[in-house]
Amino acid sequence: MEMNKISFFILFTLLYCNCNSKDKDNIYREPQMKNISTEVLTMGKEVYSRSCSTCHTYGLSGAAKLVDFDYWDRVADKGMDTIFNHVKKGYRGKRGIMPPKGNCFNCSDKELQASILYIFENIINNKAGTKNI
């Protein structure tokens, strides 16, 4: 009986640690973030400049600025799939509203993903003190 309790505890602990691992979803650890091409960054910068910068540069409508590192680190923990879905479909959070496609209605999924990667690349650079914007 005691062995079953120990086995159960070990199994539960292993499952809990695996299911709650932030490392598996964090955008900073995803391959597409680690291997961003110049082409993707350029595309992301273009989308950011025409659609995202108005809110995220000045914090309009509750949007997080790119120097709000604590906020973006929490967002990063959601992973690319969740972040992309929030950008594409829109999102209402505690801080405000993310309009669908960031109001870039003619943007493709590829362009939206590039803008997300561009933003997180900028956050990394802002943390290091080397701005891209």
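Determine whether G90 is on the phi > 0 side of the Ramachandran plot and at pLDDT below 90. Answer is no for this residue.
Kindly check whether there is at least one residue in segment 103-118 that is within 10 Å of the chain's Cα centre (by Cα), in a helix (DSSP H, G or I) and exposed (fewer than 15 other Cβ atoms within 10 Å of the Cβ). Checked segment 103-118: no residue is within 10 Å of the chain's Cα centre (by Cα), in a helix (DSSP H, G or I) and exposed (fewer than 15 other Cβ atoms within 10 Å of the Cβ). Scanning segment 89-102 for residues being in contact with a Lys or Arg (Cβ under 9 Å, 6 or more places away or on another chain) and surrounded by fewer than 16 Cβ atoms within 10 Å (Cβ to Cβ) gives a total of 3.
Considering only residues in segment 32-69 that are open to solvent by 80 Å² or more (accessible area, probe 1.4 Å) and modelled with pLDDT of 95 or more, the one that is nearest to the chain's Cα centre (by Cα) turns out to be K45.
The values are calculated or read from the model by the stated rules, or taken from the named source; none is laboratory data. Note that this is a predicted model, so its numbers are computed, not measured. Virtual Cβ from ideal backbone geometry, glycine too; neighbours counted across all protein chains shown. Heavy atoms of the whole protein, side chains included, go into the accessibility calculation; ligands, DNA and RNA do not. Shrake-Rupley method; radii C 1.70, N 1.55, O 1.52, S 1.80 Å.
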